[in-house]
Amino acid sequence: MSSVRVNADYEMELFGQSRAPAIVNQSLEFLAFFLTEKPVFTKKVYSPEYLDYVESISGHRPQAVSAGEFENYWGALKNLELERWWNSKITTTEFVINQGWCHQTFILKDLSDVQEVKWERDYLLKDPFGMSGQRFRILYQYMGLKDKMILIENALKNGPIIMEPFLDRKFDFSQYVFPTEQRISYENIVDKNFQYKGSLFNDLALPNYKSFSFFNLIHEREWEIFEHQVQEIVNFFSKYKNELGYSIDSFIFEEDDILKIRPLSEVNYRRTMGRIAYELALRYGEIHNWSMLTLVKNNPKINLRKKLESYLENNHLILLSPGDTRFEIILLLAEDKSEGKKLMTTINELLSNC
């Protein structure tokens, strides 16, 4: 049986950048222990106690191997040219521009491309090839034009960049399109630095955008337009066979006191944390219809397992991480949305000092 390598640094390898430090993959690779019976290819040594714990949850003895053949688990790295097309933010940005969904979004290849930019707002500079949230820069309206040009010129040294309105984001969410054409929707928790912190499912039986906690805050017509736009996105990417599954990332922003939808932030043609959250919830949720995967910054001074002991025992949560990685990753489970909100509040209070 070949092993799987959880290549969480997929984008860096795909776009020819230097490989990430081992800690990046090791911060997520243990998730595969809970979702596949294949050995996990890694240089990390896991304690017998942790492997015992995984076995008690998953029902199978996890294996970690450091030699032999493996297949990539996060992103395929097989057809590099096609995978770059899928994952490049240039692809999605060109699509947004061509659809006329935002007239203030630009692809900059040199300084002359800023001639049509109207500077009466804040803008966000994005690396087209980086992992989510990496190498983003904000051009604030109050900055002088000379300072903005210096930032743009420096960014252009690494190749083309994307410039789009820096919007007042309120809620992040994604849809995942499986190779089977099944589509699920989920809320994402993203911090102020655009870093992923978790995914939330209010209704695992019907995981669509109508179950979002903020669904009723947005006008019905906005959702109707969005649904049409998503179909346009799916149609566009259907020009190539979907062999891996991909996420369509979107967000809600506030403008002129109105909540609006940005239909397409980026596409990730690979496994995502949202998909992992969904698969974990289906596998270990049993009668639970609400689930949340959350990341907590590791604090070596706090015994998280001890702190959460009573919740671990009553099957309301699963502590997935081994305790010595950058983040602790926790799966919360509840019968429904109401119980889930109570559980989330309790755990937040319990971990407030973590």
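A few points about this structure:
- Sequence of 172, 147 from largest to smallest accessible area, 1.4 Å probe: 147, 172
- Solvent-accessible surface (1.4 angstrom probe) belonging to residue 19, in square angstrom, nearest 10: 120 Å²
- In the context of the full set of protein chains, residues of the range 78-213 present 52 Å² of accessible surface per residue (probe radius 1.4 Å, heavy atoms only).
- Rg and Dmax of the range 159-211, Cα atoms only, in Å: 14.0, 44
- When you filter the chymotrypsin sites (Phe, Trp or Tyr not before Pro) in the range 85-143 for DSSP loop state and at most 16 other Cβ atoms inside 10 Å of their Cβ, you are left with 101, 119, 136, 140, 142.
- Cα gyration tensor category, rounded, prolate or oblate, for the range 195-290 with a/c compared to 1.5: oblate
- Its residues counted as N, the range 1-75 yields a C-alpha radius of gyration over 2.2 N^0.38 Å of 1.11.
- Equivalent ellipsoid dimensions for the range 1-131 as semi-axes, Å, which come from the Cα gyration tensor, largest first: 41, 15, 13
- Separation of the range 286-345 and the range 1-24, taken as the distance between their Cα centroids, equals 27 angstrom.
- Probe 1.4 Å - accessible area at residue 260, Å² to nearest ten: 50 Å²
- Summing Cβ point charges (Lys, Arg +1; Asp, Glu -1) relative to the Cα centre of the chain gives a dipole of roughly 820 debye.
- Percentage relative contact order, the range 237-354, counting C-alpha pairs under 8 Å, at least six apart: 22 percent
- Working from Cα pairs under 8 Å separated by at least six residues, relative contact order for the chain is 15 percent.
- Spatial extent of the chain: Rg and Dmax, with the Cα atoms as the point set, Å: 21.0, 61
- Using a probe of 1.4 angstrom and keeping all protein chains present, the accessible surface of the range 308-351 works out to 48 square angstrom per residue.
- Taking GluC sites (Glu not before Pro) across the range 56-114, the ones in a DSSP loop with at most 14 further Cβ atoms lying within 10 angstrom of their Cβ are 69.
- Taking amide H positions as modeled 1.01 Å from N, with prolines and chain starts lacking one, the residues under 5 Å from residue 5 and 5 or more places away or on another chain are 41, 71, 72, 73.
- Inter-centroid distance (Cα atoms) of the range 99-152 relative to the range 221-274, Å: 21 Å
- Residue 115 versus residue 102: modelled label distance in nm, points set 7 Å from Cα along the beta carbon direction: 2.4 nm
- The chain: most fluctuating residue of 230, 267, 177 per GNM, C-alpha cutoff 10 Å: 230
- From its DSSP helices (H runs of at least four residues, each -39,500 (n - 2.57)), the chain gives a residue-normalised ellipticity at 222 nm of -8500 deg cm²/dmol.
- Accessible-area composition of the range 186-333, carbon plus sulfur, in percent [1.4 Å probe]: 47 percent
- In percent, rounded to a whole number, the relative contact order of the range 56-210 is 18, using alpha-carbon pairs under 8 Å and six or more apart.
- Solvent exposure ordering (accessible area, 1.4 Å, most first) of 287, 258: 287, 258
- Residue 73 accessible area, 1.4 Å probe, all protein chains in place, Å² to nearest 10: 20 Å²
- Candidates per trypsin sites (Lys or Arg not before Pro) in the range 293-354, loop by DSSP, up to 12 other Cβ within 10 Å: 301
- Alpha-carbon centroid distance for the pair the range 55-81 / the range 194-213, whole angstrom: 26 Å
- Largest to smallest principal axis extent of the C-alpha atoms in the range 237-287, angstrom: 43, 36, 14
The values are calculated or read from the model by the stated rules, or taken from the named source; none is laboratory data. Source: prediction; values computed, not measured. So basically every Cβ, Gly included, is an ideal-geometry build from the backbone, and we count neighbours across all protein chains shown. Calculation scope for accessible area: heavy atoms of the full protein, side chains included, ligands and nucleic acids excluded. Shrake-Rupley method; radii C 1.70, N 1.55, O 1.52, S 1.80 Å.
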